[in-house]
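Below is one structure, written out as structure tokens; comments come after it.
The values are calculated or read from the model by the stated rules, or taken from the named source; none is laboratory data. Remember, it's a predicted structure, so these values are computed and weren't measured experimentally. Cβ: placed from backbone, ideal geometry, glycine included. Neighbour counts: every protein chain shown. Each accessible area value is taken on the protein alone, full model and side chains, heavy atoms only, with ligands, DNA and RNA left out. Shrake-Rupley method; radii C 1.70, N 1.55, O 1.52, S 1.80 Å.
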Amino acid sequence: MSEYKPNWWIAETSAWIAVNKPFGLSVEKTIGANDTIEDQVLAYLRRSSSMPFLGIVHRLDRVTSGILLLAKKKSALRKLNEQFSQRLVKKTYLAVVEGVPEKTEAQLSQWLYKDQKEKKAIIFDEAGEQRDACQLYYQTIKKDGKKALLEIELLTGKFHQIRAQLAAMGTPIIGDDKYGARLTYADKGIALHAFKLSFQDPIDGAPILLHANTPANPIWKLL
């Protein structure tokens, strides 16, 4: 491993690397996306390996910041993908929303339809064709009457799920004008941060808990 540690570096083993993705950057290489997290991590790994392997385990929206886990071995990628698909990984987010939820804490269980044309998630209270079940649990950490800081445990991982479910509750994430937010936050960013991630090490099975203690998304300043 390189002694040099970029400012997005959180933790690393021979099998995986965890980074704190800033908002405004795409996770993986796509047409039109420059200087992605994938590009930056590969450049870092090339400091100690001429042909590094890098596997995308999961993704964050471009406008979202926080913990992102990537595999450094194909075997680790396979095992980590299994943990995500079996919902063995616990993902905790922080969000600042417009308004204050009626309930201090609650589990939201709904159905999500992905509008491919608009690239937007639509939430329904009933099951239907091409609708996937989506669940999250939130609790209000702090509020000031006009906005609230929520801690969110993501129970399923669907497209734009947190953004869409909170907006459907009448409390869109600050800066998320795609889902009806009126308050601005930052250019190419919304007040949503992937704060904690827990999983089992793909090599020895040890429990791992990671925090993004110095967030790339300074949402605490909003309250």
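Of note:
- Residue identified as open to solvent by less than 40 Å² (accessible area, probe 1.4 Å) and in a loop (DSSP other than H, G, I, E, B) among GLY170, GLY128: GLY128
- Per-region count, region 1-44, residues closer than 25 Å to GLN83 by Cβ, touching a residue at least 40 places away in the same chain (Cβ under 8 Å), over 16 Å from the mean Cα position of the chain (by Cα) and not in a strand (DSSP E or B): 5
- Every residue from region 1-21 that is surrounded by 18 or more Cβ atoms within 10 Å (Cβ to Cβ) and farther than 12 Å from LYS72 by Cα: TRP8, ILE10, VAL19, ASN20, LYS21
- Qualifying residue in region 94-111 (condition: touching a Phe, Trp or Tyr at 6+ places or on another chain (Cβ under 6 Å) and more than 28 Å from GLN40 (Cβ to Cβ)): yes
- Within the option set LEU94, LEU88, being hydrophobic (A, V, I, L, M, F, W, C), in contact (Cβ under 8 Å) with a residue 12 or more places away in the chain and open to solvent by 80 Å² or more (accessible area, probe 1.4 Å) holds for one residue only, LEU88.
- The one condition in (1) assigned to a strand (DSSP E or B); (2) closer than 25 Å to GLY66 by Cβ that LYS103 fails to fulfil: (1)
- Residues being closer than 29 Å to LEU210 by Cα and exposed (fewer than 14 other Cβ atoms within 10 Å of the Cβ) - total across region 97-119: 4
- The set of residues in region 177-193 that are part of a loop (DSSP other than H, G, I, E, B) and either in contact with a Phe, Trp or Tyr (Cβ under 8 Å, 6 or more places away or on another chain) or over 18 Å from PRO101 (Cα atoms) (or both) comprises THR184, TYR185, ASP187, LYS188, ILE190, ALA191.
- Subset tally (residues that are modelled with pLDDT of 95 or more and within 21 Å of VAL100 (Cα to Cα)) for region 126-146: 6
- Unique match (being part of a strand (DSSP E or B), open to solvent by less than 20 Å² (accessible area, probe 1.4 Å) and touching a Lys or Arg at 6+ places or on another chain (Cβ under 7 Å)) among LEU149, LEU136: LEU149
- Filter result (open to solvent by less than 70 Å² (accessible area, probe 1.4 Å) and not hydrophobic (A, V, I, L, M, F, W, C)) within region 22-46: PRO22, GLY24, SER26, GLU28, THR36, GLU38, ASP39, GLN40, TYR44
- Region 45-67: number of residues that are in a loop (DSSP other than H, G, I, E, B) and not charged (D, E, K, R): 12
- Annotation note: of ILE122, ILE141, ILE67, the sole residue that is within 30 Å of THR36 (Cα to Cα), open to solvent by 60 Å² or more (accessible area, probe 1.4 Å) and aliphatic (A, V, I, L, M) is ILE122.
- When residues in region 47-64 are screened for being at pLDDT below 95 and open to solvent by 50 Å² or more (accessible area, probe 1.4 Å), 6 of them pass.
- Region 157-175: number of residues that are charged (D, E, K, R) and either without any contact (Cβ under 8 Å) to a residue 12 or more places away in the chain or under 18 Å from THR140 (Cβ atoms) (or both): 1
- Residue match in region 167-189 (condition: modelled with pLDDT of 95 or more and over 25 Å from TYR113 (Cβ atoms)): no
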